[in-house]
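To start, the structure itself, in structure tokens.
The values are calculated or read from the model by the stated rules, or taken from the named source; none is laboratory data. It should be emphasised that the depicted structure is a prediction, and the values quoted were computed from it without experimental measurement. Reconstructed Cβ throughout: ideal geometry from the backbone, glycine too, with neighbour counts over all protein chains shown. Note: accessible area is taken over every heavy atom of the protein model, side chains too, but ligands, DNA and RNA are not part of it. Shrake-Rupley method; radii C 1.70, N 1.55, O 1.52, S 1.80 Å.
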Amino acid sequence: MKLKVKYLFPNIPELISQEGDSGFDLRAAIDEPKKILPFGRATIPTGVAVEFFNQSYAPSCSAELQVRPRSGLTTRGIVAQFGTIDLSYRGEISITIFNFSSEEITIGPLDRIAQLVVCPIFKPIIETTKQLTPTKRGSKGFGSTGTK
């Protein structure tokens, strides 16, 4: 798989991933610090657009890019909204940041705000049916499998 990156903001560092890391750092492409009120949210541009190619040989396999929160921020109550970037999207990646803390936070220019991860997608062949195979659980929903 190949990932092409178009940088849209001056001084945005190249996307890099440390040895063994699963994701690439996405940064805040802003000129001035952005304050987010307690329990508020803001959408922050990243200064990058991407194009990626699926080179899978299986017709039911594809890929997506996932935007994921950074664990170092989540411990402070700052969470990047999880999201999917499809193969056909060519616009700038923006991240919605939620402040779940009781204190105002500030996102600074070029702060690392999220991660970009490549993930496989398996698209099954859809078969319409009038009957599903019965199981012990059946249609019992939330919490029906117990807590142990």
Original post:
Across region 40-62, what is the number of residues that are modelled with pLDDT of 90 or more and either assigned to a loop (DSSP other than H, G, I, E, B) or out of contact with any strand residue (DSSP E or B) (no Cβ under 6 Å at 6 or more places or on another chain) (or both)?
Top reply: 2
Original post:
Any residue at all in region 12-20 that is buried (at least 18 other Cβ atoms within 10 Å of the Cβ), out of contact with any Ser or Thr (no Cβ under 9 Å at 6 or more places or on another chain) and on the phi > 0 side of the Ramachandran plot?
Top reply: no
Original post:
Does Leu15 fit the bill of being assigned to a strand (DSSP E or B), out of contact with any helix residue (DSSP H, G or I) (no Cβ under 9 Å at 6 or more places or on another chain) and touching a residue at least 12 places away in the same chain (Cβ under 8 Å)?
Top reply: no
Subject >> strands (runs of 3 or more DSSP E) completely within region 63-148 that count 3 or more residues being within 20 Å of Asp21 (Cβ to Cβ) and open to solvent by less than 70 Å² (accessible area, probe 1.4 Å) >> reply: 78-80, 112-122
